[in-house]
Amino acid sequence: MPVNRVAENVFGTLGTICWSAQLVPQIWKSYRSKDTTGLSAWLVLCWGLSATFLGVYAIVQNLNIPLIVQPQLFGLLCMISWGQCQYYGSTRPKRVSLIIAVAAIAVLGAFETAMVFAIRPSSNHRAIQFFGVFSSVLLSLGLVTQYHEIYKRREVVGLSITFMTVDFLGGVFSDLSLAFKPKPFDTIAAITYSLVVVMDGVVILAAIILNPRARRRREAEAHDNIITNTPEMVTIPSTPSQRRTFTTASEDRGGVPMG
């Protein structure tokens with residue numbers, strides 16, 4: 001595509017907006033339900049770590065400002081969601097979970113800052129590439145853990161589909177931003193964003209296919225339980241002749257007369 005600074009920044013900004021707000025629906029869902037069942041804590045932790053490596057890569061590569069801001073906001077929201085998993089998904093007290101999450105955010109922030117100052121002056125190409133590639137690896141690894149949760153439960157549970165959809169769109173817009181960037185084309189960043197698009201798409205597709213099936217399965221099980229637990233009804237004869245016959249039969253068996 002031809003170089004277009006306006007398009008580059010517009011799509012980069014849209015990607016930043018998506019990735020700034022993408023985890024808000026998930027954080028709100030977990031807070032409202034006070035439950036993170038079905039949400040892999042490893043997913044948000046790996047994504048938080050990935051954002052740190054991607055942040056170093058984006059700063060050292062001097063990508064446009066929106067693409068530099070993206071991983072910072074993304075990583076912060078991921079670690080907040082991870083903190084919720086520590087509180088709602090385990091027996092840890094609220095104070096302990098908060099301390100763990102804040103400490104993790106501080107450590108990752110310090111690590112990113114140190115790596116930027118260590119790599120930028122030397123412009124070590126291999127080191128820069130490592131941060132970009134490792135970011136992609138962590139993104140993929142995080143989603144693999146979520147795939148395991150989906151496989152185990154045979155449906156998408158505890159994961160906000162709005163979150164995944166916004167994340168998907170963030171990857172699309174970020175890819176488009178790179179397409180309008182001056183050469184050389186940043187292949188590593190493009191692979192990272194494209195992986196997000198593809199792997200998020202798999203989760204969304206799984207929700208579309210598996211969730212209705214799971215709902216029908218639960219309805220069928222509930223219907224079977226109702227039938228199984230319903231007691232058999234005894235019909236009492238309504239006419240006098242039927243009552244006499246019923247009484248005689250009862251007396252013959254030694255029963256209590258009912259007529």
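Here are the numbers for the structure shown:
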| read-out | value |
| --- | --- |
| Euclidean distance of C-alpha centroids, the range 198-230 and the range 146-190, integer Å | 25 Å |
| Extended-chain gain in nm, criterion 0.36 nm per residue less alpha-carbon gap, L141 and S33 | 36.2 nm |
| Computed FRET value (nearest 0.05) for V6 with R218, which takes r as the C-beta separation and R₀ as 45 Å | 0.35 |
| Theoretical FRET efficiency, 1/(1+(r/R0)^6), r = Cβ-Cβ of V107 and I209, R0 30 Å, to 0.05 | 0.15 |
| Contact order normalised by residue count of the chain, Cα under 8 Å, 6+ apart, percent | 28 percent |
| Cut-off 18 Å (backbone N to label point 7 Å along Cα→Cβ of N62), residues of the range 114-133 | 116-129 |
| Kyte-Doolittle at least -0.5, axis length at least 20 Å by Cα - qualifying DSSP helices, the chain | 5-21, 41-60, 65-88, 94-119, 125-153, 161-179, 187-229 |
| Three semi-axes of the equivalent ellipsoid, the range 75-135, Cα gyration tensor, whole Å, largest first | 32, 12, 7 |
| D_trans [Stokes-Einstein, Kirkwood Rh over alpha-carbon pairs] for the chain, 4 °C, 1.567 mPa s, µm² s⁻¹ | 60 µm²/s |
| Charge dipole (the chain, unit charges on Cβ, about Cα centre) - positive-most of F131, S90, V198 | S90 |
| Order of K181, K94 - criterion: other Cβ atoms within 10 Å of each residue's Cβ, fewest first | K94, K181 |
| Estimated distance in nm for a label pair at V24 and H125, the labels positioned 7 Å out from Cα along Cα-to-Cβ | 4.2 nm |
| Relative intensity, log₁₀ I(q)/I(0), of the range 105-200 from a Debye sum that treats every alpha carbon as a point, q = 0.10, 0.19, 0.22, 0.25 Å⁻¹ | -0.37, -1.07, -1.20, -1.27 |
| Most positive-pole-ward Cα, S40, I100, V144, against dipole of the chain from beta carbon charges | I100 |
| Neighbour-limited loop hits for trypsin sites (Lys or Arg not before Pro), the range 115-183 (at most 16 other Cβ within 10 Å; DSSP other than H, G, I, E, B) | R154 |
| Dipole in debye (nearest 20) - the chain, about Cα centre, beta carbon charges: Lys, Arg +1; Asp, Glu -1 | 260 debye |
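Where a number appears in this text, it was derived from the coordinates with a stated rule and is not lab data. No experiment lies behind these values; they were computed from the predicted model shown. Don't worry about glycine lacking a Cβ; one is built from the backbone with ideal geometry, like all the others, and counts go over all protein chains shown.
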